[in-house]
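The values are calculated or read from the model by the stated rules, or taken from the named source; none is laboratory data. Quick caveat: nothing in here was measured; it's all calculated off a predicted structure. Here the Cβ positions follow ideal geometry from the backbone for every residue, glycine too, while neighbour counts run over all protein chains shown. Note: accessible area is taken over every heavy atom of the protein model, side chains too, but ligands, DNA and RNA are not part of it. Shrake-Rupley method; radii C 1.70, N 1.55, O 1.52, S 1.80 Å.
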Amino acid sequence: MLVVRRLWRAARRQPRAFWLGVALIVLPLLSVTPYMASGTEAARARNSLVLDTSADANRDWTPANMPADFLIDHRPPDPVFVEVAQRLKLAEMPTDWDRAVAISQHLLGSSPTLLSGAIEADLRTTYERITHQGDGYCADFVKVFTAIAGAAGIPVRSWAFSFDGFGGHGHIFPEIWNRQTGEWQLLDVYDNSYFVVASKPLSALEFRAEMLSGRNDIRILPLHPGARPGYIYEEKAWDYYRRGLPEWYLWWGNNPFTYDHAWSVRMLSPVSRVLAQAGAIVQGVQPHVRVLATAENRARIDALSAVRMHLIAALLSACVGVIVIAWTLVRHRSANRVTLSKETARA
């Protein structure tokens, strides 16, 4: 109440400056509310803030020559996921592909159907809800898959595509580096699928190139034959992947344990996942987005950059508004002291 009284008094003494400060805060915040209207728009705002166009994600690097700015974990795996890897006996399997399939089957075999959408929780909670309740969406499955794979020492990176200009309406799937064969291999864990040509599992970029070529020699196979299919009708799956081709991007990092234990994420997650992601961006633990830039999606990348400029401008305007209001409060207190001094002198 004391703060409110001081603000009101300052508004009466310095009305123009005070209300200018209020406008500089309120109007920009109102302008960004559409990005908070849904999860897909919040994802667009997040992606815009971590959009990185400084390098071409089409360079098919390997863990041996990993880019220096690719985020990796700097803390040991969570013991819960170490125990899962041990329980699945991943270390006893001959190849990383076998391990990746075993992890996928573990997650897919928990429930014959999916009961709800995105979980949006910490790693342990997400794992429990996937394996015990049948909850989860593609990002949840990829997050937990990456955590178990990381506990088993398997290099992973995550690819995604969208249908709405790099917003939240899209899909994400992991790609493992098979250390035994020396190649990337793509799995669509959530949709219980992987892709082969002549029985060879494809990498993400091989899969995309095959799709763009229009050839019909790709086969889609289940990771877990006894689990729910991603699509009952295969032609719908191909249509889904085909529609996503213009908006592919690579998450520039694989740091699930560092992200999950970051102070900003732990502090803000109980309040809002959007705020937690914003905190992760500020703290530097949120991987960036590297888009596969093409002539077809150039305008969409530019539009995403415009969203980032809008958000940054709104934030700067709000900061200026806070400074202006703080200035009016200081002027108000100074004026009160002068008045008090004059009254004391007269007395």
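Quick rundown of the values:
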item: Selection within segment 245-279 - touching a His at 6+ places or on another chain (Cβ under 9 Å), aromatic (Phe, Trp, Tyr) and surrounded by fewer than 22 Cβ atoms within 10 Å (Cβ to Cβ); result: Trp252, Phe257
item: Test result for Gly230, surrounded by 15 or more Cβ atoms within 10 Å (Cβ to Cβ), touching an Asp or Glu at 6+ places or on another chain (Cβ under 8 Å) and either closer than 24 Å to Ile154 by Cβ or not aromatic (Phe, Trp, Tyr) (or both); result: yes
item: Residue in segment 280-294 that is among the small types (Gly, Ala, Ser), out of contact with any Cys (no Cβ under 6 Å at 6 or more places or on another chain), under 26 Å from Met267 (Cα atoms) and assigned to a helix (DSSP H, G or I) present; result: yes
item: Failed condition for Gly109, given (1) farther than 23 Å from Ala262 by Cα; (2) in contact with a strand residue (DSSP E or B) (Cβ under 6 Å, 6 or more places away or on another chain); (3) touching a residue at least 60 places away in the same chain (Cβ under 8 Å); result: (2)
item: Strands (runs of 3 or more DSSP E) within segment 130-222 that include 3 or more residues farther than 26 Å from Glu41 by Cβ; result: 170-178, 183-188, 193-197, 219-221
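So that you can scan it fast, the table gives a plain yes or no per residue for (1) hydrophobic (A, V, I, L, M, F, W, C); (2) open to solvent by 30 Å² or more (accessible area, probe 1.4 Å):
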site	(1), (2)
Asn47	no, no
Thr62	no, yes
Asp73	no, yes
Pro77	no, yes
Leu90	yes, no
Ile103	yes, no
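Condition check ((1) at pLDDT 95 or above; (2) farther than 30 Å from Ser38 by Cα) across all residues:
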{"site": "Ala147", "(1), (2)": "yes, no"}
{"site": "Ser158", "(1), (2)": "yes, no"}
{"site": "His169", "(1), (2)": "no, no"}
{"site": "Pro174", "(1), (2)": "yes, no"}
{"site": "Gln180", "(1), (2)": "yes, yes"}
{"site": "Leu202", "(1), (2)": "yes, yes"}
{"site": "Phe207", "(1), (2)": "yes, yes"}
{"site": "Arg228", "(1), (2)": "no, no"}
{"site": "Tyr233", "(1), (2)": "no, no"}
